[in-house]
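Everything on this sheet refers to the single structure shown next.
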Amino acid sequence: MATASPMASQLKSSFTSPITRALVSPKGLSASPLKVLPSRRLHSFTIKAVQSEKSNFQVIQPINGDPFIGSLETPVTSSPLIAWYLSNLPAYRTAVSPLLRGIEVGLAHGFLLVGPFVKTGPLRNTPYAGGAGSLAAAGLVVILSMCLTMYGIASFNEGEPSTAPGLTLTGRKKEPDQLQTADGWAKFTGGFFFGGISGVTWAYILLYVVNLPYFFK
């Protein structure tokens with residue numbers, strides 16, 4: 001087996017000896033020896049998110065846990081008191097005919113519209129404030145009735161079934177609301193016009209015919 005030459009052995013010892021020794025004395029410099037530090041191993045760590053076993057209570061969440069319904073359930077909208085109040089509004093009482101529901105909505109609007117027109121109208125400081133305000137309220141009822149008529153013509157077609165859903169949010173079957181038909185909306189509009197004019201007339205009678213001692217007139 002061939003042995004290495006003396007020159008190769010000398011070169012090998014000159015390259016390996018400074019690394020193997022603990023102290024190195026640089027040539028041409030008068031200083032303290034340099035200490036060769038051993039190589040350090042780099043440590044790596046991983047951060048992992050762990051889900052808590054106890055889930056937080058969500059105040060606002062999709063209704064019935066289904067995000068595809070497109071409605072949110074909050075402590076206000078899902079409380080029994082709010083649900084009872086909304087279910088008693090004329091728009092949600094599906095068991096009542098659309099005509100009677102329109103009359104109820106019209107009576108409330110017509111009766112309440114007289115006051116703002118009387119007290120803020122251009123003739124509020126004249127003896128004709130009551131009559132002018134009542135006529136203005138009646139005119140607004142007519143305009144709103146025309147808007148309801150145009151909406152019904154644009155939204156519903158004669159003879160088509162109701163567009164209201166036939167299922168509740170809990171999956172229970174129900175009769176579709178007849179208000180969402182052309183005939184039902186026409187009855188609702190007629191009832192709103194009649195109820196609105198009646199509400200304006202009743203407010204005028206109470207204020208200026210019966211002449212009750214109201215603080216504001």
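In terms of its Cα atoms, segment 69-217 spans 59, 40, 25 Å along the principal axes, sorted from long to short. Of the peptides 128-138, 59-69, the ranking by mean beta-carbon count within 10 Å, highest at the top, reads 128-138, 59-69. Quick one: what are the phi-derived ³J(HN,Hα) couplings along segment 138-153, Karplus 6.51/-1.76/1.60 with θ = phi - 60°, whole Hz, x for glycine and proline? Each residue's phi maps through the Karplus curve to give 5, x, 5, 4, 5, 4, 5, 5, 5, 5, 5, 5, 5, 5, x, 5 Hz. Using a Förster radius of 30 Å, what is the FRET efficiency between Trp202 and Tyr128 based on their Cβ-Cβ separation? Nearest 0.05, please. According to the calculation, E is roughly 0.90. Distant-in-sequence amide contacts of Glu73, defined by a placed amide H-H separation under 5 Å and a gap of 5 or more residues or a different chain, comprise Gln61, Ile63.
With both labels modelled 7 Å from their Cα along Cα-to-Cβ, the Ile143 to Thr77 distance reads 3.1 nm.
With both labels modelled 7 Å from their Cα along Cα-to-Cβ, the Asn211 to Trp84 distance reads 4.4 nm. A simple rule links phi to the HN-Hα coupling: the Karplus curve 6.51 cos²θ - 1.76 cosθ + 1.60 with θ = phi - 60°, which for segment 124-137 gives 5, 9, 10, x, 9, 5, x, x, 5, x, 5, 5, 5, 5 Hz, with x for Gly and Pro.
Distance between the pseudo-spin-label points of Lys173 and Tyr151 (7 Å out from Cα toward the beta carbon): 3.1 nm.
No value in this document is a laboratory result; all are computed from the given coordinates. This is a predicted model, so every value here is computed, not measured. Because the Cβ atoms are built from the backbone with ideal geometry, glycine has one as well, and the counts that use them run over all protein chains shown.
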